[in-house]
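One structure is given below, encoded as structure tokens.
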Amino acid sequence: MLSFPRVVACSRTCSRFLGLSLGTASLFAAGANIALLFPNWDTTYLTRGLIGKHAMLGAGLWGGGFMVLVAATLISLTGYFSNSAPCRHMLIALLSSSLALLGALVCFVTSGVALKDGPFCMFDTSSFNQTQAWKFGYPFKDLPNRNYLYDHSLWTSVCLEPSKAVVWHVAFFSTLVCISLLQLLLVAIHLVNSILGLFCSFCEKS
């Protein structure tokens, strides 16, 4: 049977591992959001203001990126400096978990809405019974009776510019959804680990 000191030591090691994992995930989230600002690694769309609102919101940068990175740093530090003051350790754990939870949720919701609305691209509006022939917008947002996520024939036939706009959009926003889900899972594990560590710390001292 594990002793309380050994469980506390395992809890601290787990905190360091969770902090490192969250920090790594936050860097990947920031990288995915940066990629969305440069379709096909072309900077001209950003300078011309032709980037979709979901990418420009930057939820992967400041939500799943910066906020989670700050929380990950706090979580890692509690793994190294939690030999005393278990209540303070728990308070820091709750604050860092709340920060990471908020950032990951914002990133998840924003990315989910972005996948639902589709990419911001130039398309032929004549098929939508409008007078202007070409324009930038969200051609899949109000597309009747068809879902572009499942109908791959739309991926190359609707968006004219940037090239492979749908593939770029789906790939990186799907990555952000997966990363934010992983972050939420790691936050949940961190909360359970912190509660267990707090309980064992009190039992160790009693």
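The values are calculated or read from the model by the stated rules, or taken from the named source; none is laboratory data. Everything quoted here is computed from the prediction, not taken from an experiment. Note that we place each Cβ from the backbone using ideal geometry, even for glycine, and neighbour counts take in every protein chain shown. When the accessible area is computed, the model is the full protein with side chains, heavy atoms only, and any ligands, DNA or RNA have been set aside. Shrake-Rupley method; radii C 1.70, N 1.55, O 1.52, S 1.80 Å.
Summing charges over all other residues whose Cβ lies under 15 Å from the Cβ of SER111, with Lys and Arg as +1 and Asp and Glu as -1, gives +1. In this simple spin-label approximation, HIS152 and LEU185 carry label points 7 Å from Cα along the Cα→Cβ vector, and these lie 2.5 nm apart.
Excluding same-chain neighbours fewer than eight residues apart, the aspartates and glutamates reachable from LYS53 by a Cα-Cα span under 19 Å are ASP42, ASP117, ASP142, GLU161. The residues of the stretch 28-78 present an accessible area of 45 Å² per residue when probed at 1.4 Å with all protein chains retained. Length gained on full extension, ASN40 to SER98, computed as 0.36 nm times the residue gap minus the Cα-Cα distance: 17.4 nm. On the stretch 120-196, 63 percent of the accessible area sits on carbon and sulfur atoms, based on a 1.4 Å probe.
Neighbours of TRP168, meaning other residues whose beta-carbon lies under 14 angstrom from its beta-carbon, give a summed charge of -1 when Lys and Arg score +1 and Asp and Glu score -1. What the pair-distance distribution of the stretch 19-114 shows, using all Cα-Cα distances binned every 5 Å from zero, is 3, 15, 21, 18, 14, 11, 8, 5, 3, 2, 1 percent.
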